[in-house]
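The block underneath contains the structure these notes are about, expressed in structure tokens.
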Amino acid sequence: MDAAVATNAMLSVAYPHMCGVGGDMFMLYFEASTGSVHCLNATGPAPALATPEFYREQGLESVPTRGPGSVTVPGTVAGWSAALDRFGAHGLAAALERPAQVAESGVAVSAGVARWIEKTAPEIVEGTPLHAILKPRGVWLREGDTLRNPDLSRTLRSIAADAGASFYRGDLAAAIGASIAAEGGPLRAEDLDAYAPEWVEPLSSWIDGHELFVPPPNSQGVTALLMLEKFRRLAGNAADPRDAQYFERFISAKRQSFEFRDRYLGDPLFHPDTLAFVDAALAGEVPQTPALAMTDYPPQGDTVGLVTRDEQGNACAVIQSIYYGFGSLFMPADTGVLLHNRGHYFSLEPGRINSLEPGKRTMHTLMCLLALRDGVPRFVLSSMGADGQPQFIFQVLQNLLRGDTPQDAISAPRMLDGRFSLEDDPDTVQLEPMPEDVADRLRSAGHSVQVLSELSEIMGHAQAISIAADGSVEAGFDPRSDGSAARV
């Protein structure tokens, strides 16, 4: 747990376009001493002022894509504190010490960060704190330049001093609330003060002798479990050749599972039948129709997935995000905190499963997975990728189940059915380089297919650990990312 939180905190400094203290998080944790799997939901709700009327009075027909109006309560800092209180050995101050140092002294801009700065630069308003950090001395940071955020360093030290209390009830909370209020957004210090993360029961199912665990709604985690089950009902097997027939079954399983997701997955606190619908779906039943399905989820997101395991046998899978690349683009002055834009995921249309209501959490694409065999972890998986997350976890897990090493399982070519970003065609199947007959046969079956020339970031950043029966451990990282695997 200490390694997971420290890694996430360092990524908040070094990978600010994808994660940070201003975002949300889910976490799965295997506790070796009890053999139990725990799940932490550290996703925050809509502010008390965030009603459809609030936005329509501003002449808006949807929650803004960017800016202070798109911000919901960030849950990550409270999640770190709760996780370490329960399962950590050294506390939050120890986890944040080195990230705070690096935020002040600076870190080299990676290739991925440089790409996203260039992509997002036209949206970043001159004179804002984010603009000052990413365009020091009048030039946008490029690969190899030094990224510094001394305000974030001070924020991390403040969080470390009181286990995150200042972020929700102290000076930081006051500064965040006042800054958003001044810009016309709905979040207030009172919303932060009212927040607490939630320990929840993970969802589980059995596949090929493995017990799989994923976060429950408001996470989309069940989508991956449904994909695996529906794939097998279509006579698919993990050991099957990765040919056109395999991917036709994959597409069918994905589309059926996403239809369930978009119709039934919401915040259980506002939709109490959600968990019953999930149980019915995992049992192969078709639940009755509830509220109107969502059909317009913005399918974009930038996230970090990370996995850890220690010598005692504890294991952790984390998925943490600020939603879009660089989140809301809004950074309250003197905090260095880039807030997420998760509110944009809500619909202002009433009666839908993901309609905006104060205190409600959006359905999250965020998910991760633990696979146990004989009661102990066999695989630990996480991947960024918005709507692609269950698809990427499906493909990596299937590769692991057929006997691939974690590195081979992750490096293998992948498929994405549907959109990764808003500009993508929702009906197109995208393929990384594969035998030509795969694309040809899928086209013959009526699919629109785009073949990519190389491994691509739109296929996610997956990370995996496998633990063999003899206790030997292997790890793999995604060559599509700037990630790495390390033994410390």
query = Excluding Arg249 itself, what net charge comes from residues whose Cβ is under 14 Å from its Cβ, given Lys and Arg +1 and Asp and Glu -1?
reply = +2
ask   = Measuring from centroid to centroid over Cα atoms, what is the spacing of region 338-410 and region 428-476 in Å?
value = 17
query = If we count other beta carbons within 10 Å of each Cβ, what is the order of Ile393, Ile117, fewest first?
reply = Ile117, Ile393
note = Restricting to aspartates and glutamates and to Cα separations under 14 Å from Lys135, and discarding same-chain partners fewer than 8 apart, the set is Glu118, Glu123, Glu126, Glu143, Asp145
message = Order 118-125, 143-150, 363-370 from most to least packed using the mean count of other Cβ atoms within 10 Å.
response = 363-370, 143-150, 118-125
message = Which one, Gly446, Ala100, Ala468, is farthest towards the positive end of the dipole of the chain when Lys and Arg carry +1 and Asp and Glu -1 on their Cβ?
response = Ala100
Amide proton proximity set for Ser355, modelled H, under 5 Å, gap of 5+ = Ser347
ask   = Leu212: net charge of surrounding residues, Cβ under 13 Å, Lys/Arg +1, Asp/Glu -1, itself excluded?
value = 0
remark   = A correct fewest-to-most ranking of Trp206, Trp116 by other Cβ atoms within 10 Å would be Trp206, Trp116
key: Pairwise FRET efficiency - Asp408 versus Gln245, Cβ, R0 = 25 Å, nearest 0.05   = 0.70
task = Could you tell me which of Pro45, Gly88, Pro68 has its Cα farthest along the dipole of the chain towards the positive end, charges placed at Cβ (Lys, Arg +1; Asp, Glu -1), taken about the Cα centre?
result = Gly88
remark   = Scoring only Lys, Arg, Asp and Glu (+1, +1, -1, -1) among other residues with Cβ under 13 Å from the Cβ of Ala9 yields 0
remark   = Heads up, region 245-401 by the C-alpha gyration tensor (a ≥ b ≥ c square roots of eigenvalues; a/c under 1.5 rounded, else a/b over b/c prolate, else oblate) looks oblate
Furthest towards positive pole of dipole, Pro150, Tyr15, Gln389, structure part the chain, Cβ charges = Pro150
Packing rank of 21-30, 97-106, where each peptide gets the mean count of other beta carbons within 10 Å, highest leading = 21-30, 97-106
request  = Show which lysines lie in cross-link reach of Lys254 when reach means a straight Cα distance below 20 angstrom and same-chain residues fewer than eight apart are skipped.
outcome  = Lys230
query = By how many nm would the segment from Lys135 to Arg487 lengthen if fully extended, with 0.36 nm per residue of separation less the alpha-carbon distance?
reply = 123.2 nm
ask   = Where does each of 430-443, 126-139 land if you order them by average Cβ count within 10 Å, highest first?
value = 430-443, 126-139
remark   = Cβ density ranking, 10 Å radius, fewest first, applied to Ile322, Ile180, Ile467 yields Ile467, Ile180, Ile322
key: Global form of the chain, assessed from the alpha-carbon gyration tensor, a/c cut-off 1.5   = rounded
task = Pop out the ³J(HN,Hα) list for region 196-212 in order, Karplus 6.51 cos²θ - 1.76 cosθ + 1.60 with θ = phi - 60°, rounded to Hz; leave Gly and Pro as x.
result = 8, x, 10, 7, 10, 7, x, 7, 8, 7, 9, 9, 6, x, 10, 8, 9
query = Near the amide H of Leu452, under 5 Å away, which other amide H atoms are found, from residues 5 or more places off or on another chain, if H is placed in the peptide plane?
reply = Leu431, Glu432
ask   = What list of ³J(HN,Hα) couplings, whole Hz, do you get for region 352-358 from phi and the Karplus terms 6.51, -1.76, 1.60, once you set θ to phi - 60° and write x for glycine and proline?
value = 8, 4, 10, 5, 5, 8, x
key: Per-residue [θ]222 nm for the chain (sum of -39500 (n - 2.57) over DSSP H runs n ≥ 4, rounded to 500)   = -10000 deg cm²/dmol
FRET efficiency, Asp310 to Gln58 (Cβ-Cβ, R0 45 Å, nearest 0.05) = 0.35
remark   = For region 1-112, shape from the Cα gyration tensor axes a ≥ b ≥ c, cut at a/c of 1.5 then a/b versus b/c, turns out oblate
key: Net charge dipole size for the chain [Lys, Arg +1 and Asp, Glu -1 on Cβ; Debye, nearest 20]   = 220
In Hz, Karplus ³J(HN,Hα) per residue of region 403-416 (6.51, -1.76, 1.60; θ = phi - 60°; x = Gly, Pro) = x, 5, 5, x, 5, 5, 4, 7, 6, 5, x, 10, 10, 10
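Values in this text are rule-based calculations from the coordinates and carry no lab data. On a predicted model such as this, the values are computed, not experimentally measured, just so you know. Please note: Cβ atoms are built from the backbone with ideal geometry, for glycine as well, and neighbour counts cover all protein chains shown.
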